[in-house]
Each structure stands twice: as structure tokens, then as C-alpha cells.
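Notes for the one structure printed next.
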Amino acid sequence: MRLVVDCRFVTPSDDDAVSMTTRGLVSALGVVHPLTMLISDHRQRDVLPPLPWQLLRAADDVRDLVTPFGLNEAGVDVLFSPVPVWSTLGRRYGLVVGSAAPTHPDVYSGVGGRMLRPLRPVFHRLLQRGADAVVAVAGAGQRDAVTATRPGQAIIRLDPHNVLSPSGSDWSEHTDQLMALFYEVHRERRSRARGDNQR
């Protein structure tokens, strides 16, 4: 299973919850399964673990609408994004998203991204509903996820001792739970694709 983790929301700020969670989760997941990090700026590598990476446009770039087609061509099986991404149009890979919305400005986005950023809350629930499964961190995140998801959409809750820890060791107890979810999403999509091909 080719796993990709969207790290484009990572910032150097120590009080950015989405960034810190992403850093911790990708560090923990990278120990148990090969993965590729998606980044939008080379400076993000300074605060991310030394794992394979791929440079991509900023998440708030309007061109991100066509990103799923590129990921399809790259053979991605599952994409995990701690934040619901701009587009799920035409994707053939499994998509697991977090329930959080970024609260800090994207220091790496250009003028276009800063103009589009106010629209993100409007599309937040719609984008979350387009995923195969949702990951919520702690109680509040789970409550938000339940109200925003569609019937039958899988939701799991992560409850680390320190949600602001970028250390993989603080998130390692959740890797089995996450990997089981990723594999289940991958299996379901493959089974669905086989069924469509046999019709």
C-alpha cells in the first residue's frame, strides 16, 4: 500500500495545533510503514522527520482542485490529510482526513492562497464528507466530526496525552489504529473498483 501524508499545513509555530499534530503523526507512522510526505515549501523539511517527500503546490492554491488526478497517476493508494483538502474530484485513491481546520495563516501560500483562505470554513464540511474516513483528535474534534460526517462514514478518535507534541513517540500508540483504518479504506476501494469493472 502506497501511503502519502499531506504535510502542507506544517508551520514552524510551536502553538499551531494542526502543524504539531501532523509532525507527531507523520513521525510515528514513518516508523511502521513507508510513506511519502507532501510539502509545499522546502522549509517545511526543517521541522519534519527525514522521510521521502514530494513538493506540491500550497493547499490553498486554486490549482489544488486538479491534484487528485496527479495523485492517481502517481499510483497513490491512500492519502492521509490532517485537514480536509480542497478537492476530491476524480480521485481513485483512499482518502482519510482529520476533522480540524487550520487556525494559523499559511506562511507558505502566495497571494492567491491568502485570498482563498477565507473560503475554507465554507467548504470544510463538504470536503470532510468527501473522504472515506475521518480522524478526530480528542473529544472536541470527535464531536465536530460526528456533526459534519455523512451516514456510514468511518470515524476514529485519537486521544494522546499531549496533542501539541511533535514527537512520534507521543503518537506511537495510535499507529496500529491508524494503519488498520488505512488498510481497511484501501481494501474497500479495491473491492469497489473490482465490482465496477465486472459490471
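Here are the numbers:
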item	result
Whole-percent carbon and sulfur share, accessible surface of segment 6-99, 1.4 Å	57 percent
Cα-based convex hull, segment 30-83, per residue volume (Å³, whole number)	97 Å³
Projected area, mean over directions - segment 1-104, Cα convex hull, nm²	6.0 nm²
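The values are calculated or read from the model by the stated rules, or taken from the named source; none is laboratory data. Predicted model only: the values in this text are computed from it and were never measured. Keep in mind that these areas ignore ligands, DNA and RNA; they rest on the heavy atoms of the full protein, side chains included. Shrake-Rupley method; radii C 1.70, N 1.55, O 1.52, S 1.80 Å.
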